[in-house]
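Undergrad: Let me begin by handing over the structure; questions about it come next.
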Amino acid sequence: NLSTVSEFVFVGLSDAAEVRLLLFVLFLLIYLATVAGNITLLVAISTDSHLHSPMYFLLGNLSLLDLLCPTITVPKMLGALLLEHKKISFSGCLFQHFSLIAVVGTEIFLLTVMAYDRYVAVCHPLRYLSIMSMKLCAQLAKGTWAAGLLNSLLHTSLVFTLSFCGPNKIQQYYCDIPPVLALSCSSTHSRELVILVVAGVLGSSAFVVTVVSYIYIILEILARSSPGIWHKVFSTCGSHLIVVCLFYGTTICTYVRPSFTYSPHQDRVVSMLYGMLTPLLNPIIYSLRNKEVKCALKRVISQV
């Protein structure tokens, strides 16, 4: 007498009308600021010839991902807050899950490529353009998107081929791996293990490459010991390092851990950090710490 779940219901958002309205305004402003910041950065990079270089090509891909990440989840959340429409179909949940994991995975791989780009720029400045050619950057960018999509396809197939026949209330404001797994009426231990191993191997590998790149950068700085070198390198790499710390810290807390440590309230806060706050801060961090980007943004604004 088990019936298949055809839709899910998001819970956890406040039931008080006053609080819902306040949260709606707050999240709407954050989302609009995120969209405006990343679109402005994309326009500056695409239209300003001074930014047509490998570093800014990769930064443009990052801005596109930061534009997609909240767009996948926030509009549905805003609808739930304003209209109390908290339901999502099974296929809609699957698509949202696939899209979000693809974007998150792609961003992890892209940040790794950006770390390698900074390594080449600092340790091999004379050969930078020959090593990091636009052709290679385009291939690396395509590789990150392909890897993110394949990773998401694996995770989504593992989660949504389970049986869902009982509870359908997701303790989150979007379809994420831990709360959806918690609703399955079949055994999830083997699939959780596969998800944990794949996420751990891919995430740790990307993290190791990033750390090794910055170790070589630090060793190169110490070997040169020329005046002002620390300030110059930090102005070049500092923005990326801040973004890496923000993104890795929040995603690792969310995905690279067993499901028995899942806490709905804690996970909602952490997911908002990487799903809403990080995409908002990334264009601000890069524009405030980069003179070329600030000049390009001024030119774009003056043209508008």
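Undergrad: For the pair Leu22/His50, report the inter-label distance in nm, with labels modelled 7 Å from Cα in the Cβ direction.
TA: About 4.4 nm, to one decimal.
Undergrad: Then there's this: Answer rounded, prolate or oblate for region 1-155, using the Cα gyration tensor with square roots of eigenvalues a ≥ b ≥ c: rounded when a/c is under 1.5, else prolate when a/b is larger than b/c, else oblate.
TA: Oblate, because a/c is 1.5 or more while a/b does not exceed b/c.
Undergrad: Give me the percent of accessible area attributable to carbon and sulfur for region 145-225, probe 1.4 angstrom.
TA: 72 percent
Undergrad: Run the accessible area of region 51-124 with a 1.4 Å probe and give the carbon-and-sulfur part as a rounded percent.
TA: Carbon and sulfur atoms account for 72 percent of the accessible area of region 51-124.
Undergrad: Got a sec to turn the phi values of region 127-136 into Karplus ³J(HN,Hα) couplings, 6.51 cos²θ - 1.76 cosθ + 1.60 with θ = phi - 60°, whole Hz, x for Gly and Pro?
TA: 9, 4, 5, 6, 7, 8, 6, 5, 5, 5
Undergrad: Mind listing the long-range amide H neighbours of Ile170? Cut-off is under 5 Å, sequence gap 5 or more, other chains count too, H placed in the peptide plane at 1.01 Å from N.
TA: Those qualifying (amide H under 5 Å, at least 5 residues apart or on another chain) are Val9, Phe10, Val11.
Undergrad: Within straight cross-link reach of Lys298, meaning Cα distance under 24 Å, which lysines are found once same-chain residues fewer than 8 apart are removed?
TA: Lys232
Undergrad: Applying 1/(1 + (r/R0)^6) with R0 = 41 Å to the Cβ-Cβ distance of Ser186 and Val212, what FRET efficiency is obtained, to the nearest 0.05?
TA: Calculated transfer efficiency: 0.50.
Undergrad: Let me ask you something else. For the pair Leu162 and Val197, what calculated FRET efficiency results from E = 1/(1 + (r/R0)^6), where r is the Cβ-Cβ distance and R0 = 22 Å, to the nearest 0.05?
TA: The calculated FRET efficiency here is 0.80.
Undergrad: Given R₀ = 30 Å, FRET efficiency for Lys142-Cys245 by Cβ-Cβ distance, to 0.05?
TA: Taking R0 as 30 Å, the efficiency between Lys142 and Cys245 is 0.70.
Undergrad: Please list, in order along region 212-224, the HN-Hα scalar couplings obtained from phi with the Karplus expression 6.51 cos²θ - 1.76 cosθ + 1.60 (θ = phi - 60°), rounded to whole Hz, x for Gly and Pro.
TA: 4, 4, 6, 5, 5, 5, 5, 4, 5, 5, 5, 6, 6
Undergrad: While we're looking at this one, here's another question. Rounded, prolate or oblate: which fits region 79-213 when a ≥ b ≥ c are the square roots of the eigenvalues of the alpha-carbon gyration tensor, with rounded for a/c under 1.5 and prolate only if a/b beats b/c?
TA: The shape class here is prolate.
Undergrad: Here is a further query. Could you go through region 139-147 in sequence order and give the Karplus-derived ³J(HN,Hα) for each residue, using 6.51 cos²θ - 1.76 cosθ + 1.60 with θ = phi - 60°, rounded to whole Hz, and x for Gly and Pro?
TA: 5, 5, 5, 4, x, 5, 5, 5, 5
Undergrad: How far is it, in nm, from the label point at Lys169 to the one at Leu82 when both lie 7 Å from their Cα along the line to the Cβ?
TA: 2.6 nm
Undergrad: Quick one: if you stick a label point 7 Å off each Cα along the C-beta vector at Leu277 and Lys291, how many nm between them?
TA: Going from the Leu277 label point to the Lys291 one covers 3.2 nm.
The values are calculated or read from the model by the stated rules, or taken from the named source; none is laboratory data. Because the structure is a prediction, the values reported are computed rather than measured. Note that we place each Cβ from the backbone using ideal geometry, even for glycine, and neighbour counts take in every protein chain shown. Calculation scope for accessible area: heavy atoms of the full protein, side chains included, ligands and nucleic acids excluded. Shrake-Rupley method; radii C 1.70, N 1.55, O 1.52, S 1.80 Å.
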